[in-house]
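Everything below concerns the one structure shown next.
The values are calculated or read from the model by the stated rules, or taken from the named source; none is laboratory data. Note that the coordinates shown come from a computational prediction; the quantities given were computed from them, not determined experimentally. Here the Cβ positions follow ideal geometry from the backbone for every residue, glycine too, while neighbour counts run over all protein chains shown.
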Amino acid sequence: MNISIRKGTEEDFPAILNLIKELAAFEQNEDKVTNSIEKMKEEKDLFWCFVAETEDKEIVGMALYFFAYFTWMGKSLYLDDLYVKESFRGNKIGSNLLKEIFEFAKQEKCKRVRWQVLNWNKPAIWLYTKCGADISNEWNNCDFDESAIENFKI
């Protein structure tokens, strides 16, 4: 199988959004996706993406990322989502997307690459551990959705 990895473009947003929805379904959270192509276009300067594409130009995987600044480390790359369509898994597409992320992080002189993985996603945990990831069990996520932001109180 011949898969190429390239930077995603605005023309790829429909396919990327479909992958985001597939990922949400995989994580059993379809109802949490509020993103849209219009929103992605409005906010395109806040995120970047690598896509995995077949010879037939079908986008079958993505690695969506953004830059962050961590106080202890400095400039970092945050890998928000790494996803490969189920029927294409087992072909090293996820590994190749990760390689691209790490090469890019080196070029950008990042001090850290960070992402999260669900504790039940054993195949992903296996891959990340095999690559040398330090998977922490210490930190918990603190999330506020748009409604919670509006209603924030102390």
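If you go through the stretch 1-22 and keep only what is closer than 20 Å to F66 by Cβ and in a strand (DSSP E or B), you end up with I5, R6, K7. Would you call W120 of a type in the set (F, W, Y), within 16 Å of Y78 (Cβ to Cβ), surrounded by fewer than 15 Cβ atoms within 10 Å (Cβ to Cβ) and modelled with pLDDT under 95? When the stated conditions are applied, W120 does not pass them.
When A68 is tested against (1) surrounded by 17 or more Cβ atoms within 10 Å (Cβ to Cβ); (2) among the hydrophobic types (A, V, I, L, M, F, W, C); (3) touching a residue at least 40 places away in the same chain (Cβ under 8 Å), just one condition goes unmet, and that condition is (1). Taken together, the residues in the stretch 44-57 that are within 15 Å of T9 (Cβ to Cβ) and surrounded by 10 or more Cβ atoms within 10 Å (Cβ to Cβ) amount to 8. When each of A63, A68 is tested for being under 26 Å from M1 (Cβ atoms) and in contact with a strand residue (DSSP E or B) (Cβ under 6 Å, 6 or more places away or on another chain), the lone residue that passes is A63. Of all residues in the stretch 58-71, one or more are closer than 17 Å to L19 by Cβ and more than 15 Å from the chain's Cα centre (by Cα). Looking at the stretch 35-44, is at least one residue assigned to a loop (DSSP other than H, G, I, E, B), at pLDDT 95 or above and among the β-branched types (V, I, T)? Looking through the stretch 35-44, none of the residues is assigned to a loop (DSSP other than H, G, I, E, B), at pLDDT 95 or above and among the β-branched types (V, I, T). Residues in the stretch 105-135 that are within 25 Å of A24 (Cα to Cα) and more than 18 Å from the chain's Cα centre (by Cα): K130 only. K106 satisfies every condition listed in (1) assigned to a helix (DSSP H, G or I); (2) at pLDDT 95 or above; (3) under 30 Å from S147 (Cβ atoms) except (3). Of the residues G8, G94, which single one is within 14 Å of the chain's Cα centre (by Cα), surrounded by 13 or more Cβ atoms within 10 Å (Cβ to Cβ) and closer than 22 Å to N119 by Cα? Every option except G94 fails the conditions. Determine whether N29 is modelled with pLDDT under 95 and either out of contact with any Phe, Trp or Tyr (no Cβ under 8 Å at 6 or more places or on another chain) or within 24 Å of N141 (Cα to Cα) (or both). For N29, the condition - modelled with pLDDT under 95 and either out of contact with any Phe, Trp or Tyr (no Cβ under 8 Å at 6 or more places or on another chain) or within 24 Å of N141 (Cα to Cα) (or both) - is met. Take the conditions at pLDDT below 95, assigned to a helix (DSSP H, G or I) and surrounded by 10 or more Cβ atoms within 10 Å (Cβ to Cβ) and apply them to A133. Does it pass? In short, no.
Criterion first (among the hydrophobic types (A, V, I, L, M, F, W, C) and touching a Lys or Arg at 6+ places or on another chain (Cβ under 6 Å)) does V84 satisfy it? So V84 fails the test.
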